[in-house]
Amino acid sequence: MPALAAARYPDLPERPRVLVPVGATEQHGPHLPLSTDTVIATAVAQRVGERTGSWVAPAVAFGASGEHQGFPGVFSVGTTVLTEMIVELTRSLALWAGEVVFVNGHGGNVAALRAAVETLGAEGHNARWLPCATAGDAHAGYTETSIMLYLSPGDVALDKAAAGNVEPLPELMDRLRRNGVRAVSPNGVLGDPAGASARAGAELVDRMVQRIVDELG
């Protein structure tokens with residue numbers, strides 16, 4: 001299935017399903033690019049699109065990343081603006097798309113996605129969101145480093161990779177929300193990238209894709 005942005009409007013079928021990757025532009029430790037969440041959401045959406053005959057829209061690359069604001073390179077529009085953006089995008093897409101599915105690659109976007117989908121449902125729109133979900137550490141550790149070694153190895157600086165705070169995320173969440181990531185992890189990593197590999201990344205991406213394919217039916 002071609003990317004939606006590369007299509008010409010006569011090429012589009014009637015009422016297609018459209019997948020919209022939603023990522024972020026934020027720090028991912030000293031070794032991963034700012035685009036990590038967007039790269040992952042886009043790659044997952046593309047693979048899901050190929051398997052389900054869905055069209056993949058350009059990614060929403062700016063999310064709610066306020067918890068990372070203590071680091072350079074963070075672009076955050078916040079929950080309120082992201083909610084409004086998702087609502088307005090769906091209202092526009094709904095004029096010609098049969099279903100809109102937001103494929104989310106950043107945990108900080110969840111509140112906005114939930115609020116937006118609730119509003120859109122009340123308006124009668126066929127919209128939902130699904131996460132790029134898999135078990136693993138929280139941020140720029142083994143999980144995301146493995147995935148990026150698979151998807152975009154040239155963007156991974158393994159020589160700069162280092163462990164951050166390895167406490168379980170539930171134990172960190174209150175401090176993280178209150179004070180931001182930098183307060184709990186000076187290098188921005190929540191987890192440990194040691195042992196990450198492209199092979200593990202391929203398996204993780206396959207699981208993410210399969211979960212979304214199963215959800216879409």
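The values are calculated or read from the model by the stated rules, or taken from the named source; none is laboratory data. Note that the structure is a prediction, hence the values are computed from the model and not measured. Neighbour counts are summed over all protein chains in view; Cβ atoms, including those assigned to glycine, are modelled from backbone coordinates with ideal geometry. To get the accessible areas, we keep the full protein, side chains included, count just its heavy atoms, and leave off ligands, DNA and RNA. Shrake-Rupley method; radii C 1.70, N 1.55, O 1.52, S 1.80 Å.
Can you give the helix-only mean residue ellipticity at 222 nm for the chain, where every DSSP H stretch with n ≥ 4 adds -39500 (n - 2.57) and the sum goes over all residues, rounded to the nearest 500 deg cm²/dmol?
On the way: 7 runs with 90 residues, N = 217.
Result for the chain, helices only: -13000 deg cm²/dmol.
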Given GluC sites (Glu not before Pro), DSSP loops and at most 12 other Cβ atoms within 10 Å, the longest exposed-site-free stretch of the chain is 15-122
Of the residues 135, 70, 29, the Cα lying farthest along the dipole of the stretch 25-152 towards its positive end, which is defined by charges on the beta carbon of Lys, Arg, Asp and Glu, belongs to 135
Report the local net charge at residue 119: Lys and Arg +1, Asp and Glu -1, summed over other residues whose C-beta lies under 13 Å from its C-beta.
-1
Where does helix 110-122 land angle-wise versus the long Cα axis of the chain, in degrees 0 to 90, nearest 10?
20
Would you mind checking the tilt of helix 198-216 against the longest principal axis of the Cα atoms of the chain, expressed as 0 to 90 degrees and rounded to 10?
40
In whole Å, what are the extents of the stretch 124-164 along the principal axes defined by its C-alpha atoms, from largest to smallest?
50, 22, 12
Report, for the chain, the % of DSSP beta bridges that are antiparallel, rounded to 5.
15
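What FRET efficiency comes out for residue 5 versus residue 206 if R0 is 30 angstrom and r is the Cβ-Cβ distance? Round to the nearest 0.05. Mind dumping the intermediate values first?
Values: r = 25 Å, r/R0 = 0.84.
The calculated FRET efficiency here is 0.75.
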Assuming a ≥ b ≥ c are the square roots of the Cα gyration tensor eigenvalues, decide whether the stretch 1-128 counts as rounded (a/c under 1.5), prolate (otherwise, with a/b larger than b/c) or oblate.
oblate
Sum of side-chain charges, residue 168 neighbourhood, beta-carbon under 14 Å (Lys, Arg +1; Asp, Glu -1)
-4
Output wanted: per-residue J couplings in Hz (rounded whole) for the stretch 67-79, from phi through Karplus 6.51 cos²θ - 1.76 cosθ + 1.60, θ = phi - 60°, x for Gly and Pro.
5, 9, 5, x, 10, x, x, 8, 10, 10, 9, x, 5
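On average over all directions, what projected area in square nanometres does the stretch 92-217 have, based on the convex hull of its Cα atoms?
Values: hull surface 38.6 nm².
Mean projected area of the Cα convex hull: 9.7 nm².
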Using alpha carbons only: equivalent-ellipsoid semi-axes of the stretch 133-188, gyration tensor based, whole Å
23, 13, 8
Could you please state how large a percent of the accessible area of the chain is carbon and sulfur, counting protein chains only and using a 1.4 Å probe?
53
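If you take the C-alpha gyration tensor of the stretch 159-217, multiply each eigenvalue by 5 and take the square root, what semi-axes do you get, largest first, in whole Å?
Working: eigenvalues 152, 68, 13 Å².
Semi-axis lengths for the stretch 159-217 are 28, 18, 8 Å.
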Tabulate in residue order the Karplus-calculated ³J(HN,Hα) for the stretch 132-142, using 6.51 cos²θ - 1.76 cosθ + 1.60 with θ = phi - 60°, rounded to whole Hz; enter x for Gly and Pro.
7, 9, 7, 6, x, 6, 7, 7, 6, x, 4
Rolling a 1.4 Å sphere over the protein heavy atoms, what is the accessible area per residue of the stretch 1-85, to the nearest Å²?
44
To the nearest 10 degrees, how steep is helix 169-179 against the longest Cα principal axis of the chain, on a 0 to 90 scale?
90
